[in-house]
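A.B. asks: One structure, as structure tokens, below. Some questions next.
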Ligand code: GLN
């Protein structure tokens, strides 16, 4: 049956901001959409890409983590050439999933381990300052609708202004700063988190949630409705590997 729905995904700086396999997020998003019969167009965008190539009518943007050196490499292009496009996209309810070093650049600034101030684009009202020791390990986070799991490795301590929505509450691990039990941030449909993993395959229900938001934005239809239209024969999605990926994080078993 002809696929009736198509989404566009943009991966920002994939050759630079892709630490701990974060590229897996756009790969899994594309795979997950294919299960529901939804076509995906993907674009890689990096330093110097001209404006129209950044946006491409994207429904969702991805951006992975990076060490201080990579963040220093991209932040001028990110603030000068991507800030306005992403701010407009956020105001149009488009989606972004930013991981760790990218998440930090969606805040006001990141102060790196050598004291350099790396400006961000202020989608999230907060800041990050790196210090020792690094916050490393498996992490579980409770949000309104999900228990999210992943792996974190960051020197940055992120502190949000009180009116800034966070993604969730840390139930195991460090999160934003290892002190206030907050993790990540959300403004509109822009999500920032410290969870590497890759994040989406370990949190497939959250991936479906992102697909649902994108379809409602673009077509005014929910994922479960779009899947029924697209797929004639009912398929059983077993999520076997995703569930194993979640459960393989042994020290999180009792939290998920
Ligand atoms: N360089 C940042 C930090 O150390 C982000 C690291 C990352 O993306 N894993 O906090």
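Each reported figure results from applying straightforward, stated rules to the coordinates on display, with no laboratory input. Worth saying up front: this structure is predicted, and the values here are computed from it rather than measured. When we count neighbours, we look across all protein chains shown, and the Cβ atoms used for this are built from the backbone with ideal geometry, even at glycine.
A.B. asks: Mind giving me the nanometre distance, one decimal, between the label points for residue 30 and residue 217, set 7 Å out from Cα along Cα→Cβ?
C.D. replies: Simple spin-label model gives 1.9 nm for this pair.
A.B. asks: Using the 10 angstrom Cβ neighbour count as an exposure proxy, how do 160, 63, 96, 17 rank, fewest first? Don't jump to the answer; show the numbers that get you there.
C.D. replies: Numbers: 160 20, 63 32, 96 25, 17 28.
Fewest-to-most ranking of 160, 63, 96, 17: 160, 96, 17, 63.
A.B. asks: Continuing with this model, one more query. For 87, 193, what's the fewest-to-most ordering of other Cβ within 10 Å of each Cβ? Provide the component values of the computation, followed by the final result.
C.D. replies: Working: 87 14, 193 30.
Going from sparsest to densest Cβ surroundings: 87, 193.
A.B. asks: Report the calculated FRET efficiency for residue 46 and residue 253 (r = Cβ-Cβ distance, R0 = 35 Å), to the nearest 0.05. Present the calculation step by step, with values, prior to reporting the outcome.
C.D. replies: Working: r = 39 Å, r/R0 = 1.11.
That gives a FRET efficiency of 0.35.
A.B. asks: Continuing with this model, one more query. With a ≥ b ≥ c taken as the square roots of the eigenvalues of the C-alpha gyration tensor of the stretch 88-149, please select rounded if a/c is under 1.5 and otherwise prolate if a/b is larger than b/c or oblate if it is not? The partial results should precede the final answer.
C.D. replies: On the way: a/c = 2.88, a/b = 1.12, b/c = 2.58.
Judged from the Cα gyration tensor, the stretch 88-149 comes out oblate (a/c at least 1.5, b/c at or above a/b).
A.B. asks: Hey, another quick one. To the nearest whole percent, what portion of all C-alpha pairs in the chain is separated by more than 30 angstrom?
C.D. replies: Details: 7677 of 32640 pairs.
Roughly 24 percent, once rounded to a whole number.
A.B. asks: From Cα coordinates alone, what are the radius of gyration and Dmax values for the stretch 98-215 in angstrom?
C.D. replies: Values for the stretch 98-215 (Cα only, Rg and Dmax): 13.4, 43 Å.
A.B. asks: Largest first, please: the extent of the C-alpha atoms of the stretch 1-135 along each principal axis, to the nearest Å.
C.D. replies: Taking the Cα atoms of the stretch 1-135, the three principal extents are 56, 29, 25 Å.
A.B. asks: Shifting gears a bit: Quick one: angle between helix 68-77 and the longest Cα principal axis of the chain, in degrees between 0 and 90, rounded to 10, please.
C.D. replies: Roughly 70 degrees, rounded to the nearest 10.
A.B. asks: Still on this structure, I have one more. Of all DSSP beta bridges in the stretch 27-129, what percent run antiparallel (nearest 5)?
C.D. replies: DSSP beta bridges in the stretch 27-129 are roughly 30 percent antiparallel.
A.B. asks: Rounded to the nearest 500, what is the 222 nm mean residue ellipticity of the chain from helices alone, with -39500 (n - 2.57) per DSSP H run of 4+ residues and division by all residues? Kindly include the intermediate steps, with their values, before the conclusion.
C.D. replies: On the way: 9 runs with 77 residues, N = 256.
Dividing the helical sum by the residues of the chain leaves -8500 deg cm²/dmol.
A.B. asks: Using alpha carbons only, how many degrees (0 to 90, rounded to 10) separate the axis of helix 204-219 from the longest principal axis of the chain?
C.D. replies: Its long axis makes an angle of about 70 degrees.
A.B. asks: Same structure again: Once both axes come from the Cα atoms, what is the angle between helix 24-35 and the longest principal axis of the chain, in degrees from 0 to 90, rounded to 10?
C.D. replies: The answer is roughly 10 degrees.
A.B. asks: Let me check against my output: what whole-number percent is the relative contact order of the chain, with C-alpha pairs under 8 Å and at least 6 apart? Numbers along the way, then the final one.
C.D. replies: Numbers: 554 pairs, mean separation 51.3, N = 256.
The value is 20 percent.
A.B. asks: Taking every DSSP beta bridge that has both residues in the chain, what percent is antiparallel when rounded to the nearest 5?
C.D. replies: Once the DSSP bridges in the chain are tallied, antiparallel ones form about 55 percent.
A.B. asks: Specify whether the C-alpha gyration tensor of the stretch 156-209 places it in the rounded, prolate or oblate class, a ≥ b ≥ c being the square roots of the eigenvalues: rounded for a/c under 1.5, otherwise prolate if a/b is larger than b/c and oblate if not.
C.D. replies: The shape class here is oblate.
A.B. asks: Related question: Fewest to most neighbouring Cβ within 10 Å: what's the order for 207, 131, 100, 107?
C.D. replies: Details: 207 21, 131 12, 100 31, 107 26.
In order of increasing Cβ crowding within 10 Å: 131, 207, 107, 100.
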